[in-house]
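> I'd like to ask you about the structure that follows.
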Amino acid sequence: MTLRLPRRGLAQALALIVILMVDRVVSPQFFNLHLQDGRLFGSVIDVLNRGTPVALLSLGMVLVIATGGIDLSVGAVMAIAGATAASLADAHSLPVVLLAALGVGLLCGLWNGILVAVLRIQPIVATLILMVAGRGIAQLITEGRIVTFTSPDLVWLGNGAVLGLPTPVAIAIGMLLLTAAVVRGSALGLLIEATGGNARASELSGVGTRTMILAVYVWCGICAALAGVIAAADIMGADANNAGLWLELDAILAVVIGGTSLFGGRFSLVLAVAGALIIQAMNTGILLSGYPPELNLLVKAVVVLAVLLVQSPRLSDLSGIMARWRSKKP
Amino acid sequence: MQAPAMQTNVDLDSPLLEVRGLSKSFGALKALQEVDFTLRAGEIHALLGENGAGKSTLIKVVTGVFARDAGVVRLAGGEIAPRSAKAALDAGIATVYQEVNLLPNLSVAQNLYLGRQPTCFGVVREAEMRRRAKALLNGFGLDIDVGAPLSSYSVAIQHVTAIARAVDLSARVLILDEPTASLDRHEVEILFKAMRQLAAAGIGIVFVSHFLDQVYEICDRITVLRNGRLIGERETASLPRLELIRMMLGRELAETTETRAPAHSGAMGEVCASFKGFGKQGYVAPFDLELRHGEVVGLAGLLGSGRTETARLIFGAERADSGEAEVDGQAVRLNSPRDAARLGFGYCPEERKTEGIVADLTVRENIVLALQARRGLHRPLSRREQDEIAMRFIRLLDIRPPDPERPIGLLSGGNQQKALLARWLATEPRLLLLDEPTRGIDVGAHAEIIRLVRDLCDQGLALLVISSELDEIVTYSNRVVVLRDRAHVEELKGEAVEVSSILAAIAADGATAAQGAVP
């Protein structure tokens with residue numbers, strides 16, 4: 001695993017560097033950092049901080065996609081978890097609030113997992129159910145209002161600092177390490193890759209493919225819930241309509257940029273997070289450049305196209321043909 | 001090339017479709033070697049052979065799905081080289097596959113005229129289309145509501161619709177690939193009636209099926225392929241069933257390397273696993289089977305006779321609904337491959353690509369997969385253990401190239417098969433089920449795999465091996481169970497394990513078994 005990463009991650013590392021350089025050009029102070037009240041500030045920190053929700057989502061999403069599935073409901077799960085946290089925040093302590101929100105995320109993941117693994121519904125349809133229903137559930141929790149809170153503990157989760165890093169960034173790093181430890185430290189990684197690579201062959205090798213699939217959706221739900229809590233803590237309130245809106249698409253994009261095939265199989269946690277950072281670095285760059293934010297979508301589309309072209313087997317065939325053609329020329 | 005004599009009228013004895021010296025390779029695997037095939041106008045011609053014989057490759061080359069390496073295809077005397085299924089269809093060769101390639105949500109009439117609907121100023125003339133569809137199907141003896149969706153009709157009617165569409169597209173040659181596999185007796189009648197009508201109208205029909213009764217019922221001539229070679233073309237009436245089966249299962253290996261294994265002289269090992277009345281309704285009839293350590297049991301029979309089904313049932317890939325299984329005298333449950341793997345069973349399936357290898361993963365990961373699955377999530381094999389296991393089996397089985405980090409999909413078929421064997425050997429199994437372990441493997445690897453099977457057996461493993469190559473089965477089996485019509489019909493032991501006795505058991509008049517199967 002350790003041997004493979006550098007070679008595989010080259011394209012993503014280059015892309016991230018290029019985008020950061022472009023950011024540096026449009027905003028000369030981009031790499032400036034300063035410490036204030038025990039927390040680092042600066043555009044780079046901003047990229048990390050703003051990128052946290054998508055990075056967390058991509059940690060769950062990459063595992064789901066590695067099994068050959070997809071989870072469209074993560075944005076809605078963010079809204080549910082955010083609503084849960086916000087409505088409990090002022091009456092309960094932080095551990096209770098967190099446990100409740102993550103518990104809700106776990107249940108959401110379990111629901112998706114049962115639909116996909118046990119009832120064998122196509123993942124895109126199965127998770128569409130919660131994607132649509134989830135915002136309704138979140139609104140039921142907030143009773144249609146934007147629930148605000150003042151609990152300093154929860155606010156710290158969104159705006160505090162740990163060792164100079166914004167709390168969300170520290171949490172995301174912790175989750176990356178935890179996920180990596182669980183997935184690569186146990187046999188989970190291999191069995192997930194085998195399940196996604198060839199489910200029938202894995203099943204016939206005695207792999208509990210159903211358990212694998214159930215587990216990744218549950219983990220995806222928990223990651224989404226954590227992202228939702230952080231998003232709510234960031235704005236000190238839960239907006240059931242807009243929290244996490246369309247973020248499932250960014251998370252899928254991050255995973256794809258990270259080189260994991262939508263057909264399942266090989267995956268990389270680190271590169272999925274790198275994908276999330278690439279997306280956020282673009283977003284931040286466009287905001288800093290002063291161009292209208294609408295441009296953001298266009299740039300994103302171009303990046304998606306570029307990533308897909310790089311991964312397209314046809315294109316690599318084509319480049320092979322070109323190389324042969326060139327070598328034939330005297 | 002000699003000038004073709006163009007035929008203007010239908011001459012029932014002249015070749016309609018002529019294939020000469022057709023060859024096709026996929027990498028090192030020779031799927032077709034200089035195959036000839038002749039279809040006359042107005043005949044129904046069976047194309048027979050076991051899996052991997054080259055039937056579907058032949059069809060796909062003739063219909064332009066694959067490009068050929070060598071050979072000629074002539075249609076009514078004129079050479080053709082279709083480059084796509086569409087081009088073949090335009091030339092007059094239509095194919096109807098087992099899975100009907102139509103649109104179930106559209107009406108029968110729409111399916112018949114899809115892409116060539118009668119229109120009036122760009123608007124589809126629905127009534128006209130239905131009228132024509134009705135007339136067309138009436139010609140096939142079908143009087144149905146052509147406005148209803150295709151999916152509301154039985155598979156047989158869907159097949160006839162597909163055939164009617166093909167024929168209406170001015171097909172002169174109709175290829176039916178396993179059209180009867182999912183039909184009941186009555187539906188087969190509907191289909192056969194349509195086929196006879198078409199043949200009478202001068203269309204040449206190629207019929208691919210593994211139901212020999214049906215072949216004898218409807219076909220005029222039979223061409224048999226085996227291992228990509230033409231074995232022979234005969235008239236159905238003058239070809240006894242035993243002879244046909246001999247042609248299909250043949251003897252080839254004897255010429256190459258193998259001699260009969262010395263029958264195990266000493267006492268056979270302990271009973272490893274035994275099955276009593278084990279079976280599943282509509283899958284395999286209940287059977288009794290005892291598997292012993294240090295013994296190879298061969299499963300012989302034609303394609304679809306229940307060989308693979310028996311192995312899948314034993315391995316828990318399908319759940320048995322009757323009978324008991326015992327391992328070392330203890331009653332066990334076999335509800336899933338996981339159960340079976342925990343009991344120390346291993347299964348190398350016939351479909352290596354779709355059910356065996358995980359193509360994107362490395363040889364190492366593929367080899368450790370079953371062992372890791374059995375150890376469970378919380379006891380991962382360290383990278384060093386994985387490397388050790390992988391290298392040990394790469395050396396032991398001589399897997400090439402000896403690179404554990406190569407994706408297994410890039411290996412040749414023989415080496416993939418060895419890696420799959422390694423996957424199970426790494427779990428130190430007590431019983432191995434091998435389904436066509438030598439299929440699609442070049443000759444060298446073939447002999448190696450057979451040697452491996454013998455070695456494993458000598459080491460005390462219990463083996464159940466399925467093969468279509470009777471000589472191969474005879475070479476390594478201590479006992480052979482013969483299957484017919486999804487039932488175990490005979491068990492041959494010791495001296496009785498002979499190609500001729502197996503052939504006789506397979507070909508034994510199916511009347512009794514068939515009567516038993518009729519509800």
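What follows is calculated from the coordinates using simple rules that are stated; it is not laboratory data. The shown structure was predicted, so the numbers you read here are calculated from the model rather than taken from an experiment. Virtual Cβ from ideal backbone geometry, glycine too; neighbours counted across all protein chains shown.
> What fraction of the Cα pairs in chain B, stated in percent, has a spacing above 38 angstrom?
More than 38 Å apart: 36 percent of the Cα pairs in chain B.
> For the protein assembly as shown, what is the largest minus smallest coordinate of the Cα atoms on each principal axis, given in angstrom and ordered from greatest to least?
Here the Cα extents, ordered largest to smallest, are 98, 83, 69 Å.
> Rounded to the nearest 5, what is the percent of antiparallel bridges among the DSSP beta bridges in the protein assembly as shown?
Once the DSSP bridges in the protein assembly as shown are tallied, antiparallel ones form about 60 percent.
> Quote to one decimal, in nm, the extra length available between A:Val155 and A:Ala306 on full extension: 0.36 nm per residue of separation minus the C-alpha distance between them.
50.5 nm
> Within 14 Å, Cβ to Cβ, of A:Ala86, how many net charges do the neighbouring residues add up to if Lys/Arg are +1 and Asp/Glu are -1?
Numbers: positive: A:Arg145; negative: A:Asp90, A:Glu143, A:Asp153, A:Asp234, A:Asp239.
Within the 14 Å Cβ shell, the charges total -4.
> Express in % the proportion of alpha carbon pairs of chain A at distances exceeding 39 Å.
14
> I would also like to ask the following. First measure r as the distance between the Cβ atoms of B:Tyr283 and A:Ile173, then evaluate 1/(1 + (r/R0)^6) with R0 = 35 Å and state the FRET efficiency to the nearest 0.05.
That pair, B:Tyr283 with A:Ile173, gives E of 0.10.
> Also, quick follow-up: Using only Cα atoms and rounding to the nearest 10 degrees, what angle (0 to 90) does helix B:363-375 make with the longest principal axis of chain B?
Approximately 70 degrees, to the nearest 10.
> Based on Cβ point charges of +1 for Lys and Arg and -1 for Asp and Glu, what charge dipole magnitude is obtained for chain B about its Cα centre, in debye rounded to the nearest 20?
1320
> Another question, if that's okay. Whole Å is fine, so just give me how far the alpha carbon centre of region A:133-179 lies from that of region B:89-163.
Each part reduced to its Cα centre gives a spacing of 59 Å.
> Shape verdict for region A:46-184, please, from the Cα gyration tensor: rounded (a/c under 1.5), prolate (a/b greater than b/c) or oblate.
It is oblate, given that a/c is not under 1.5 and a/b is not larger than b/c.
> If each residue of separation counts as 0.36 nm, what is the full-extension length gain between B:Val271 and B:Val123 once their alpha-carbon separation is subtracted?
Working: separation 148, 0.36 × 148 = 53.28 nm, distance 7.31 nm.
Length gained, B:Val271 through B:Val123: 46.0 nm.
> Each label point is 7 Å from the Cα along the Cα-to-Cβ direction; what then is the distance between the points at A:Val162 and A:Leu295, in nm?
Once both label points are built, they end up 3.6 nm from each other.
> What percent of all Cα-Cα pairs in region B:70-160 falls into each 10 Å bin, going from 0 up to the bin containing the maximum distance?
Final binned percentages: 15, 37, 30, 15, 2.
> If you take the square roots of the eigenvalues of the alpha-carbon gyration tensor of region A:99-242 and sort them as a ≥ b ≥ c, do you get rounded (a/c under 1.5), prolate (a/b over b/c) or oblate? Walk me through the numbers on the way to the answer.
Values: a/c = 3.58, a/b = 1.50, b/c = 2.40.
Oblate is the answer for region A:99-242, as a/c is 1.5 or above yet b/c matches or exceeds a/b.
> Also: Give me the net charge for the shell around A:Pro53: Cβ to Cβ below 9 angstrom, other residues only, Lys and Arg +1, Asp and Glu -1.
Details: positive: A:Arg50; negative: A:Asp234, A:Asp250.
With Lys, Arg at +1 and Asp, Glu at -1, the neighbours total -1.
> Might you report the magnitude of the Cβ-based charge dipole of region B:352-428 about its Cα centre, with Lys and Arg at +1 and Asp and Glu at -1, to the nearest 20 debye?
On the way: 14 positive and 10 negative charges, 23 e Å.
Value, rounded to 20: 120 debye.
> Name the residues of region B:129-157 whose amide N is less than 15 Å from a point 7 angstrom out from the Cα of B:Asp184 along the C-beta direction?
B:153-157
> Here's a follow-up. Taking the Cβ of B:Val96 as the centre, find all other residues whose Cβ is under 11 Å away and add up their charges (Lys, Arg: +1; Asp, Glu: -1). Walk me through the intermediate numbers first.
Values: positive: B:Arg165; negative: B:Glu99, B:Asp177, B:Glu178.
Local charge sum for B:Val96: -2.
> Can you give the longest stretch of chain B with no exposed loop site, where a site means trypsin sites (Lys or Arg not before Pro) in a DSSP loop (not H, G, I, E or B) with at most 11 other C-beta atoms within 10 Å?
B:117-519
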